[in-house]
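Inspection log for the structure reproduced underneath, given as structure tokens.
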Amino acid sequence: MNNQEQKQYQKFDWEEYERKRAIEKEQYEKIQKEIQETQERSRQTLASLEVTFKNLDEAKAQARQTVENIDNFKKQFSDAMDKLLDSIGKSMGANSIKSDEQNPKTAKEVTIEQAQKLITKNVLILCGAGLSYASGIPTFRGQDGYWTKGTDTYQCQKVLTKEFLTTNPDLCWEWHKDFQKMLINKKPNAGHIAIANYKKKNPNTLIVSQNIDNVLTSILPQKQIKHGHFESIYEIHGNIKYMRCSKECTLKNDELATLYDMPDLTKNLKPKCPQCGEDARPHILFFDESYTNENCRIQELQEKYDNYDTIIVVGTMLETGCAKSTVCKFIKKKATIIEINPEPIIEVGNTYQIKGKSEEILPKLLK
């Protein structure tokens, strides 16, 4: 080291140098510590994310299991309901509309407004004698189900049988004459009119009537499939306005019965078939007869049931075979059932009851 360099070395501030190095070292160590802390936090975050992802995978697996459990439950519940409803409506002729220990009551009482919201586009309306009661037409059961002639009183369920027509033809035709008289000036009530108006607005509506009085039929569209058989209504018990041959002389395979207008019975109490001259008979389903496709279009009717998901049951105690089996069919297929009766009787199925008179309820329900 020469003199010049020695002088410069002696002038160098070693204290300041050491101080700066200490500061730099401290800053370096601080940065190193921060880097280590950041790395540790990153490791912890990654570990936490791994736990989170693991939990998410477990949650997804649990969710899938829950969905599978729900699907299995729904299937088991649906199968159980099918078995339950199948026990209610297993056959078309021996079903129950009443609840019991195996089939608990599921029917609910609702308001007209609530029932309106349940009606779908495809509606079947099943009508019973209660629909015509407000028009002054008595039923064939209960306190109205009796006919008095002279000093004798007969139960309508006995008079309106094929056996009675055979053994007591004069008396049977006398009943029909009296029924004809009673129907004179009987007018459709508000319930009939509401159904007719609804049918006009909703042509797809299927109307099934157990009544033989012709009142509802008279205000429906009059297009006929064959004389006396109307496109707009299935009159499963016939129509008092018509008669047919007692020997069914005009029946051919897979054809509807040929009907004739009923004559004035005050002039002729024992009408004859215009075709063959044999005794005629009223075109009604007697209490001791079975439904046939030729006279009641029963098979044709039943084939249409699958197209309808709502049935409105009006004024019937469901004591006839076709009416009861029809309701049971709709119970079995879990359709919506709306019953209108002063004292509803359908206790099972997806049933909604409106208590009251059909002539008061139907105009509000079928707006």
Residue that is nearest to Glu278 (Cα to Cα) [pool: residues in the stretch 241-255 that are surrounded by 19 or more Cβ atoms within 10 Å (Cβ to Cβ) and among the hydrophobic types (A, V, I, L, M, F, W, C)]: Cys245
Across the stretch 217-229, what is the number of residues that are under 15 Å from Ser135 (Cα atoms) and open to solvent by less than 10 Å² (accessible area, probe 1.4 Å)? 1
Go over the candidates Pro274, Pro282, Pro344 one by one and state the one that is of a type outside the set (Ser, Thr, Tyr) and free of Cβ contacts under 8 Å to residues at least 24 places away in the same chain. Pro274
Here are the criteria: (1) open to solvent by 40 Å² or more (accessible area, probe 1.4 Å); (2) under 19 Å from Leu362 (Cβ atoms); (3) β-branched (Val, Ile, Thr). Tell me which single one Ile207 does not satisfy. (1)
From Thr217, Thr258, grab the single residue that is touching a Ser or Thr at 6+ places or on another chain (Cβ under 7 Å) and either touching a residue at least 40 places away in the same chain (Cβ under 8 Å) or at negative phi (or both). Thr258
Pull out all pairs, ordered by first then second residue, where Cβ-Cβ is under 6 Å, the residues are six or more apart or on different chains, the first lies in the stretch 188-203 and is more than 11 Å from Val215 (Cβ to Cβ) and in contact (Cβ under 8 Å) with a residue 60 or more places away in the chain, and the second is of a type outside the set (D, E, K, R) and in a helix (DSSP H, G or I). Ala190/Pro363; Ala194/Leu362; Ala194/Pro363
Is the stretch 78-94 home to any residue that is part of a helix (DSSP H, G or I), open to solvent by 100 Å² or more (accessible area, probe 1.4 Å) and modelled with pLDDT under 75? yes
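Table: residues versus (1) part of a loop (DSSP other than H, G, I, E, B); (2) open to solvent by less than 10 Å² (accessible area, probe 1.4 Å); (3) touching a residue at least 60 places away in the same chain (Cβ under 8 Å).
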residue	(1), (2), (3)
Ser290	yes, no, no
Glu294	no, no, no
Leu301	no, yes, yes
Asp306	no, no, no
Ile312	no, yes, yes
Glu319	yes, no, yes
Ala323	no, yes, yes
Thr326	no, yes, yes
Ile331	no, yes, yes
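The values are calculated or read from the model by the stated rules, or taken from the named source; none is laboratory data. It should be emphasised that the depicted structure is a prediction, and the values quoted were computed from it without experimental measurement. Cβ sites come from the backbone with ideal geometry, for glycine too, and all protein chains shown count toward neighbours. In case anyone asks, the SASA skips ligands and DNA or RNA and just uses the protein heavy atoms, side chains included. Shrake-Rupley method; radii C 1.70, N 1.55, O 1.52, S 1.80 Å.
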